[in-house]
2 protein chains.
Amino acid sequence: MVRAEIITIGDEILYGQILDTNTQWISLELDKIGIKTVRKSSVGDQRDEIVQILHEAQKRADIVFITGGLGPTKDDLTKKILADFFNCPLAYHPEALQDVTDFFAKRGRELSDINRDQALLPTKCTFIPNKQGTAPAMWFNEQDTIWVSMPGVPFEMKAIMETEVLPRITTHFKLPVIVHQIRKVVGIGESYLSDLIQDWELQLPSHLKLAYLPSLGIVKLRLTGFGQDKVQLHADIEAEFEKVMPLIKGYIFGREKDELASVVGQLLVDQQATLAVAESCTGGYLAHQFTQHAGSSAYFQGGIISYANEVKVKQLGVSQDILDTEGAVSDTCVMAMAAGARKNLGTTYALATSGIAGPDGGTDEKPVGTIWIALAHPNGVIARKLTQGGTRIQNIHLSSLTAINLLRRYLLNDLAE
Amino acid sequence: MVRAEIITIGDEILYGQILDTNTQWISLELDKIGIKTVRKSSVGDQRDEIVQILHEAQKRADIVFITGGLGPTKDDLTKKILADFFNCPLAYHPEALQDVTDFFAKRGRELSDINRDQALLPTKCTFIPNKQGTAPAMWFNEQDTIWVSMPGVPFEMKAIMETEVLPRITTHFKLPVIVHQIRKVVGIGESYLSDLIQDWELQLPSHLKLAYLPSLGIVKLRLTGFGQDKVQLHADIEAEFEKVMPLIKGYIFGREKDELASVVGQLLVDQQATLAVAESCTGGYLAHQFTQHAGSSAYFQGGIISYANEVKVKQLGVSQDILDTEGAVSDTCVMAMAAGARKNLGTTYALATSGIAGPDGGTDEKPVGTIWIALAHPNGVIARKLTQGGTRIQNIHLSSLTAINLLRRYLLNDLAE
């Protein structure tokens, strides 16, 4: 089995100023292609510490990933050390120089000497372009080990891994056959889910392994198959997921990289329908769930963020009477908001939210986490109440997810329960 | 200086199933009391790997923190290895046995043999109670090193550290004084910032150390002071930040944990002013930057998300003529949007965005990343154009930040450049 070690360079991670999420992401990606991570380490911006960990890692691993310690403000520590470690000079790399020149030209900014020096690379490295930033990545095949050095900025590192490094790894190493498939579940907690599917889990064949990967409001069910034949493994996994479907049908919304809002957006497009939102407690976050995805303008018309009650009245036509008697956090208010958005923006559907996200504003009757959501559709309006006691961000996130899921189940004619 | 090493034990972290947040938390706590973390490592549930890292850590550190590998599901791997490592047997510890007995009695659950064995500890350890769970922590003073082993469950570990371990550490070691302060910068890239302040950086006294901590659109400047006197160090750092202020005044928006939108929100509250937004390309994300923070309802009234042109016309009063001749991504359109939101929502200020977030929709004339932002204020409307070529999410994030920063600078009468 190919053994990997992941090294993070930087005082900001060592001293805890930044939470390192790169290392987890890399190890998950390696796990998917059958590479075993054997050690993760974090060291500071100190030459002797970096040299020491490189020596140690070489003994343990077939491939070593290094993030951080690149860029002008880090004095390009990592690449200078790698040049010494592999006993070669730094030199301007023509492609790297072209990339950094283009990067600045495209933005109409001048190329300073410091930025030009981003193109100085150890001569023994294979240049790996960084389309998102100015510090290139490097690939070395030295001392019977593959070394990959990447910038520490997460979105730059991820893009480099996905487009450049992972393809090189699968070419370079003979990797075992491992197949993963994911089904994504919403609207049910991990422990209830596990109760529902435990009999199915127990009958899984031994070459398929189940993992629960929970995040806020969503659980990913991952089946991993180990064997010789990729096509067969895919078929085995598909067959098992088919078996579990009847048990949790209404909760499964997608697979692999599907996002809930995109899945719902596609349903709307398929039905040639449009959507608007009316947001109080979610304050724009519900709309963002849709608009963060390319193509959302095909169905998403817009919305009203009615934080203040006057905006609910004036822009959404909620009656002052409802606000005075029932309050903004009520089924009647949120239903009026949804109906108002649907009417004023002229859409097929509208979702609305109104609640107490916290940490302040709760009462005995309506504690923090009391949130109403509503869906206005061509034949009426429906509302649901949530009671959840998380942080403000959690409450905003979960109520947005729940609203989107309400629309999903409506579009699928699946609102029986 | 006291040197610390932090070791995480567990396959679930090594393979990336769980994000390790314990290590960051511990290093931040250590940093506060002047202990320098020199290495963070993560190993799996493998005896030989754990023994190896213990040997390595002993050479590097004065104090070693170990989390995980305790409890029945882990077969109490860590404590068995520590007993062997320090050459002593495991024995029932009376206080530990009492604690675990009480823990189950209190919950009306039977004490199984497996749970009783939680009280089996290496005889050389000092028992450290765990009030939140059943696996106790351990403190060893062996081989000229302090060793602290704690369970990996974050809330158990934190409680043990705060109530038991940190007090023991400050008694055991003679600790130096370290002070950190942060200033946060927006609207300027890391390399330009570094050019602007390089003379200041070069003249810093040797007991103060500068770090750049960049994230998308924001750079944190951190000065760390090493010395004897906390008050003096704070004063030294303040004095240095005072010196650099004139060089980058307009860019600094806050310190320590300040968030840009909260800082601007506070300026609005101070001026008894209110805010609305009109969002096209940012699609709700700009509003979310404000509404994610508690207290935003004091100034944030709401907004119009005008994804479709009809919404720009109907809800914001943008003339069809502008859309036909200049298009939605234009200074005239975004200015009309801001003015319309300010008027219709009756606020002091309104921010608007309209642009091409991508990845589709770009043209030669208006490529992806062309984004207009506008601010409507009591005396008129101003607009700014951004040209940035990132991903959709980056474009949404950076244009929201830039819009908020435009308002910040307006509120501070600082729009000269």
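The values are calculated or read from the model by the stated rules, or taken from the named source; none is laboratory data. These numbers were taken from a predicted model, which means no experiment stands behind them. So basically every Cβ, Gly included, is an ideal-geometry build from the backbone, and we count neighbours across all protein chains shown. All accessible areas refer to the heavy atoms of the entire protein, side chains included, with ligands and DNA or RNA removed. Shrake-Rupley method; radii C 1.70, N 1.55, O 1.52, S 1.80 Å.
Assorted remarks:
- Condition check for B:G303: buried (at least 21 other Cβ atoms within 10 Å of the Cβ) and more than 10 Å from every other protein chain (Cβ to nearest Cβ): no
- If you go through the stretch A:356-381 and keep only what is under 27 Å from the mean Cα position of the chain (by Cα), small (G, A, S) and closer than 16 Å to A:T402 by Cα, you end up with A:A357, A:G369, A:A374.
- For the stretch B:269-279, taking the residues that are open to solvent by 10 Å² or more (accessible area, probe 1.4 Å) and touching a Ser or Thr at 6+ places or on another chain (Cβ under 9 Å), the one that is nearest to the other protein chains (Cβ to nearest Cβ) is identified as B:T274.
- Every residue from the stretch B:27-54 that is facing chain A (nearest Cβ under 9 Å), touching a helix residue (DSSP H, G or I) at 6+ places or on another chain (Cβ under 7 Å) and either open to solvent by less than 10 Å² (accessible area, probe 1.4 Å) or under 23 Å from A:I50 (Cα atoms) (or both): B:S27, B:T37, B:V38, B:R39, B:K40, B:S41, B:S42, B:V43, B:G44
- Top-ranked residue in the stretch B:184-218 [being away from chain A (no Cβ under 13 Å) and out of contact with any helix residue (DSSP H, G or I) (no Cβ under 9 Å at 6 or more places or on another chain); ranked as most open to solvent (accessible area, probe 1.4 Å)]: B:L202
- Some residue of the stretch A:306-318 being without any contact (Cβ under 8 Å) to a residue 24 or more places away in the chain, crowded, with 18+ Cβ neighbours inside 10 Å, more than 8 Å from every other protein chain (Cβ to nearest Cβ) and in a loop (DSSP other than H, G, I, E, B): yes
- Criterion applied to B:L286, B:L221, B:L247 was being buried (at least 17 other Cβ atoms within 10 Å of the Cβ) and more than 9 Å from every other protein chain (Cβ to nearest Cβ), and the one residue passing it is B:L221.
- Looking only at the stretch A:165-183, and only at residues there that are modelled with pLDDT of 95 or more and open to solvent by less than 20 Å² (accessible area, probe 1.4 Å), the one that is farthest from the chain's Cα centre (by Cα): A:I169
- Unique match (being assigned to a helix (DSSP H, G or I) and closer than 18 Å to B:D76 by Cβ) among B:M161, B:M138, B:M157: B:M157
- Some residue of the stretch A:75-98 being touching a strand residue (DSSP E or B) at 6+ places or on another chain (Cβ under 9 Å), free of Cβ contacts under 8 Å to residues at least 40 places away in the same chain and within 13 Å of another protein chain (Cβ to nearest Cβ): no
- Looking across B:F253, B:F290, one residue alone is closer than 29 Å to B:L316 by Cα and of a type in the set (F, W, Y). It is B:F290.
- Pairs with Cβ under 6 Å, 6+ apart, first in the stretch B:18-34 and farther than 17 Å from A:T8 by Cα, second at pLDDT below 95 and acidic (D, E): B:I18/B:E12
- When residues of the stretch A:110-138 are limited to those that are away from chain B (no Cβ under 14 Å) and open to solvent by 70 Å² or more (accessible area, probe 1.4 Å), the one nearest to B:G189 (Cα to Cα): A:T123
- Yes/no for B:D20 being facing chain A (nearest Cβ under 10 Å) and within 24 Å of A:L216 (Cβ to Cβ): yes
- Residues within the stretch B:92-109 that are more than 19 Å from B:M150 (Cα to Cα) and either open to solvent by less than 90 Å² (accessible area, probe 1.4 Å) or touching a helix residue (DSSP H, G or I) at 6+ places or on another chain (Cβ under 7 Å) (or both), tallied: 5
- Considering (1) out of contact with any helix residue (DSSP H, G or I) (no Cβ under 6 Å at 6 or more places or on another chain); (2) open to solvent by less than 40 Å² (accessible area, probe 1.4 Å); (3) touching a residue at least 60 places away in the same chain (Cβ under 8 Å), the lone condition that B:L406 does not fulfil carries the number (3).
- Scan the stretch A:382-396 for residues that are away from chain B (no Cβ under 12 Å) and within 24 Å of the chain's Cα centre (by Cα) and the total you get is 3.
- In the stretch B:328-348, residue surrounded by the fewest Cβ atoms within 10 Å (Cβ to Cβ) [restricted to those that are more than 13 Å from B:A278 (Cβ to Cβ) and within 14 Å of another protein chain (Cβ to nearest Cβ)]: B:G346
- Exactly one residue among B:N309, B:N344 is among the polar types (S, T, N, Q) and closer than 19 Å to B:K366 by Cα, and that residue is B:N309.
- Note on the stretch A:85-133: residues that are within 21 Å of A:D48 (Cα to Cα), in contact with a Pro (Cβ under 9 Å, 6 or more places away or on another chain) and of a type outside the set (A, V, I, L, M, F, W, C) total 2.
- Residues that are in contact with a helix residue (DSSP H, G or I) (Cβ under 7 Å, 6 or more places away or on another chain) and not small (G, A, S) were ranked within the stretch A:349-363; the one that is nearest to the other protein chains (Cβ to nearest Cβ) is A:P359.
- Residue in the stretch A:12-22 that is of a type in the set (V, I, T), crowded, with 20+ Cβ neighbours inside 10 Å and within 26 Å of A:P167 (Cβ to Cβ) present: no
- Single unsatisfied condition, B:F127 versus (1) touching an Asp or Glu at 6+ places or on another chain (Cβ under 8 Å); (2) part of a loop (DSSP other than H, G, I, E, B): (2)
- Among the residues listed as A:S149, A:S112, the single one being of a type in the set (G, A, S) and at pLDDT 90 or above: A:S149
- Restricted to the stretch B:68-91, and to residues there that are of a type in the set (A, V, I, L, M) and under 15 Å from B:F127 (Cα atoms), the residue that is most open to solvent (accessible area, probe 1.4 Å) is B:L90.
- Filtered by the rule that a residue be free of Cβ contacts under 8 Å to residues at least 12 places away in the same chain and surrounded by fewer than 24 Cβ atoms within 10 Å (Cβ to Cβ), the stretch B:289-300 gives B:A294, B:S297.
- Note on the stretch B:149-164: residues that are open to solvent by less than 30 Å² (accessible area, probe 1.4 Å) and in contact (Cβ under 8 Å) with a residue 60 or more places away in the chain amount to 5.
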